[in-house]
Amino acid sequence: MLTLYHHPFSPSSRFIRLILSEYGAAFEEHHVNPWERPQALLVLNAAGTVPVMVENEGPAICGAGPIMEYLDETRGYAVADRRLMPDHPDARAETRRLVEWSLGKFDQEVIGHLVRERIYKQIMPKSAGGGEPDSAALRVARANIHHHLKYFGYLVASRRWVAGDRLTFADFALAAALSCADYLGEVPWGDEEDIKSWYARVKSRPSMRPLLGEKVLGMPAAQTYADLDF
């Protein structure tokens, strides 16, 4: 049995949930607020971050990248042509590069600001940094998102999927990140039709359904969030 410690609006956590579903892996979920630094999480991951995954009585696997690689090594070969890591070394490198971009650079420059200011800070006590959103941080995120969408739009306009001609981990990393911003109505879909069309394809996959059904207490999702024909 796999156990996943995650936060529902952590892009890295969402990524792992998506690929677990794509690989048909049953897992038990534990919702964690990382800012609370609960002892149960710190025992597993001294960094106090999510996602963290444990299989049976094995060691904790910490972080989206290591979990992705673990799942590919333990389950990827069993799903044949549905494997999310390409066979060719060049394609594997490109997939890893774009996973890192989506969950690293994109998160640092855009998604992390939006989620922290508009979701986390509404839940966090003031003693942990909660309170009113930082308007300066939101302005930075809203400016930066255009640059990222243009780049990803360029990729999907010249390829069938984000990393190439087949569906890979890169598609789910980007979809996980965008889904958080989409919940908040913070994605200017009208500016980039190519990335919108790509996201509609990923959004229609069964693995996305649990994410599209999630809600933040007191904060309804944007109208486009669960609409497959947005």
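Out of the residues in the range 120-136 that are surrounded by fewer than 16 Cβ atoms within 10 Å (Cβ to Cβ) and of a type in the set (A, V, I, L, M), which is modelled with the lowest pLDDT? The qualifying residue modelled with the lowest pLDDT is 128. Look at the range 154-173: where a residue is under 22 Å from residue 11 (Cα atoms) and a partner is polar (S, T, N, Q) and surrounded by fewer than 20 Cβ atoms within 10 Å (Cβ to Cβ), sitting 6+ places away or on another chain with Cβ atoms under 9 Å, you get 156/197; 172/207. When 69, 117, 94 are screened for being without any contact (Cβ under 8 Å) to a residue 40 or more places away in the chain, open to solvent by 20 Å² or more (accessible area, probe 1.4 Å) and not aliphatic (A, V, I, L, M), only 69 passes. Looking across the range 26-47, the residues that are part of a loop (DSSP other than H, G, I, E, B) and buried (at least 17 other Cβ atoms within 10 Å of the Cβ) come down to 32, 45. I need a count of the residues in the range 167-204 that are closer than 20 Å to residue 157 by Cα, open to solvent by 10 Å² or more (accessible area, probe 1.4 Å) and assigned to a loop (DSSP other than H, G, I, E, B). Summing the residues that are closer than 20 Å to residue 157 by Cα, open to solvent by 10 Å² or more (accessible area, probe 1.4 Å) and assigned to a loop (DSSP other than H, G, I, E, B) in the range 167-204 gives 5.
Against the list (1) in contact with a Gly (Cβ under 8 Å, 6 or more places away or on another chain); (2) modelled with pLDDT of 95 or more, the condition residue 37 fails is (2).
If I filter the range 144-157 for residues that are small (Gly, Ala, Ser), crowded, with 16+ Cβ neighbours inside 10 Å and assigned to a helix (DSSP H, G or I), do I get at least one hit? Within the range 144-157, one or more residues are small (Gly, Ala, Ser), crowded, with 16+ Cβ neighbours inside 10 Å and assigned to a helix (DSSP H, G or I).
Are any of the residues in the range 206-226 part of a helix (DSSP H, G or I), out of contact with any strand residue (DSSP E or B) (no Cβ under 9 Å at 6 or more places or on another chain) and of a type in the set (Phe, Trp, Tyr)? Within the range 206-226, not a single residue is part of a helix (DSSP H, G or I), out of contact with any strand residue (DSSP E or B) (no Cβ under 9 Å at 6 or more places or on another chain) and of a type in the set (Phe, Trp, Tyr). Within the bounds of the range 58-75, is there any residue that is in contact with a Phe, Trp or Tyr (Cβ under 9 Å, 6 or more places away or on another chain), under 23 Å from residue 121 (Cβ atoms) and outside any helix (DSSP H, G or I)? Within the range 58-75, none of the residues are in contact with a Phe, Trp or Tyr (Cβ under 9 Å, 6 or more places away or on another chain), under 23 Å from residue 121 (Cβ atoms) and outside any helix (DSSP H, G or I).
The values are calculated or read from the model by the stated rules, or taken from the named source; none is laboratory data. Not measured: the values here are computed from a predicted model. All Cβ positions, glycine included, derive from the backbone under ideal geometry; neighbour counts span all protein chains shown. Calculation scope for accessible area: heavy atoms of the full protein, side chains included, ligands and nucleic acids excluded. Shrake-Rupley method; radii C 1.70, N 1.55, O 1.52, S 1.80 Å.
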